[in-house]
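Take a look at the structure set out below.
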């Protein structure tokens with residue numbers, strides 16, 4: 001019995017000595033997950049979707065959540081716009097970016113006018129379609145500025161513009177056919193913000209002046225139709241404010257633009 005106790009004490013002492021010589025290293029902290037930013041963050045964002053909005057049960061909280069989401073997406077798009085503008089290529093000075101600031105500003109004003117959860121929740125998917133259309137327009141311009149789509153990682157190594165897919169098809173090209181069809185059916189302001197009619201790439205593909213003038217005139221008239229559709233919809237909404245607001249004169253603007261086209265040689 002004494003021998004067993006003695007042996008166990010010796011074994012315990014040996015283990016303690018071994019532990020002292022070879023201390024167990026504490027578990028290393030896992031590396032922080034890299035924050036998703038820029039256009040990739042826009043395409044990965046789902047907090048304005050029906051599922052998330054359906055979980056929020058009060059109007060003030062839902063409005064606050066949607067405003068925060070819109071401002072977050074605005075920041076991400078503007079971050080990549082800034083990067084593209086800073087890119088040293090002639091094309092970076094010629095492209096026209098969709099106005100995300102105006103889109104978000106209008107959306108936030110619209111949120112304030114909605115009195116109940118149902119109307120607010122219905123706006124979430126609409127806003128996401130519009131913002132993603134702007135993001136896809138920006139992605140197309142990025143490809144135009146930086147070169148081939150599969151070469152973007154080389155061109156802008158430090159930017160989130162590459163979206164981690166340098167050798168794959170652009171994100172929106174892998175969307176389903178039904179999603180593409182739903183975008184093509186946009187009307188009103190959705191069609192205006194989602195329009196890619198005047199990108200440098202699109203206009204650059206038209207090689208003769210008469211065809212280019214005719215194309216631009218046709219697209220301007222089409223956009224005017226969408227704009228006026230929204231104006232009429234707002235005027236006929238029955239809301240007291242609808243009679244007080246002053247609308248921008250899109251008809252006069254388009255007429256001046258078309259007349260200016262005719263002077264181009």
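Only the coordinates and a few stated rules stand behind these numbers; no lab work does. Keep in mind the model is a prediction, meaning the values are calculated, not measured. Quick reminder, even Gly has a Cβ in these numbers, built from the backbone with ideal geometry, and neighbours come from all protein chains shown.
Residue separation times 0.36 nm, minus the C-alpha to C-alpha distance between residue 106 and residue 55: what's the value?
Details: separation 51, 0.36 × 51 = 18.36 nm, distance 2.46 nm.
So the extension gain works out to 15.9 nm.
Across region 206-265, the volume of the C-alpha convex hull divided among the residues equals 63 Å³ per residue. Per-peptide packing, taken as the mean over residues of other Cβ atoms within 10 Å, places 213-220, 234-241 in the sequence 213-220, 234-241 from highest down. Residues 109, 70, 123, ranked from the fewest to the most other C-beta atoms within 10 Å, line up as 109, 123, 70. Extending 7 Å from Cα along the Cβ direction at residue 209 and again at residue 37 yields two label points whose distance is 4.6 nm. The residues 136, 209, when put in order of fewest to most other Cβ atoms within 10 Å, stand as 209, 136. Extending 7 Å from Cα along the Cβ direction at residue 248 and again at residue 221 yields two label points whose distance is 2.2 nm.
What ranking, highest mean first, results for peptides 249-256, 112-119 when packing means the other Cβ atoms within 10 Å averaged over each residue? Can you show the working numbers first?
On the way: 249-256: 13.0, 112-119: 11.5.
Those peptides, ordered most packed to least, come out 249-256, 112-119.
When the chain is fully extended, how far beyond the present Cα-Cα distance does residue 126 get from residue 44, taking 0.36 nm per residue of separation?
Working: separation 82, 0.36 × 82 = 29.52 nm, distance 1.62 nm.
In short, 27.9 nm is gained.
Counting beta carbons within 10 Å around each of 223, 71 and listing the fewest first gives the order 71, 223.
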